[in-house]
Amino acid sequence: MTTEKNFDATRRAALDRIDRAERAYRAFFLAAAAVEALFLVGFVLLADFGQRLHVLLLLAAVATYTIVALGLLALGQHVSRCTWRVLKAIDSKEP
């Protein structure tokens with residue numbers, strides 16, 4: 001009986017840590033995306049699109065953001081899959 005209680009407490013603590021980490025990640029990601037969006041909007045408002053250099057800088061920025069965003073999505077999917085595996089292992093473990 002004591003082992004089962006310890007196992008349940010450990011499981012609950014692990015799930016709580018996972019939830020806190022996921023909430024913190026989402027909050028940080030949204031804050032970073034908002035700051036970067038403000039920089040991009042500022043660039044678009046200040047750019048003189050008659051100059052080729054400004055257009056080139058905009059294209060380079062968008063291309064860079066696209067690559068980084070796709071990498072972050074892939075990383076997020078990988079972390080979700082790993083978390084799912086850990087949760088599956090915890091659920092299948094009998095005390």
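The values are calculated or read from the model by the stated rules, or taken from the named source; none is laboratory data. None of these values were measured; they are calculated from a predicted model. With ideal geometry, Cβ positions are generated from the backbone for all residues, glycine too; neighbour counts draw on all protein chains shown.
See the values below:
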{"item": "Candidates LEU45, LEU59, LEU72 - the one that is of a type outside the set (Val, Ile, Thr) and surrounded by 12 or more Cβ atoms within 10 Å (Cβ to Cβ)", "result": "LEU72"}
{"item": "Region 62-95: number of residues that are of a type in the set (Gly, Ala, Ser) and either modelled with pLDDT of 90 or more or outside any helix (DSSP H, G or I) (or both)", "result": "3"}
{"item": "Residue selected from region 21-42 under the condition among the hydrophobic types (A, V, I, L, M, F, W, C) and farther than 30 Å from CYS82 by Cα, by the criterion surrounded by the most Cβ atoms within 10 Å (Cβ to Cβ)", "result": "LEU40"}
{"item": "Members of region 1-49 found to be modelled with pLDDT under 85, farther than 15 Å from GLY76 by Cα and under 22 Å from the mean Cα position of the chain (by Cα), listed by number", "result": "ALA14, LEU15"}
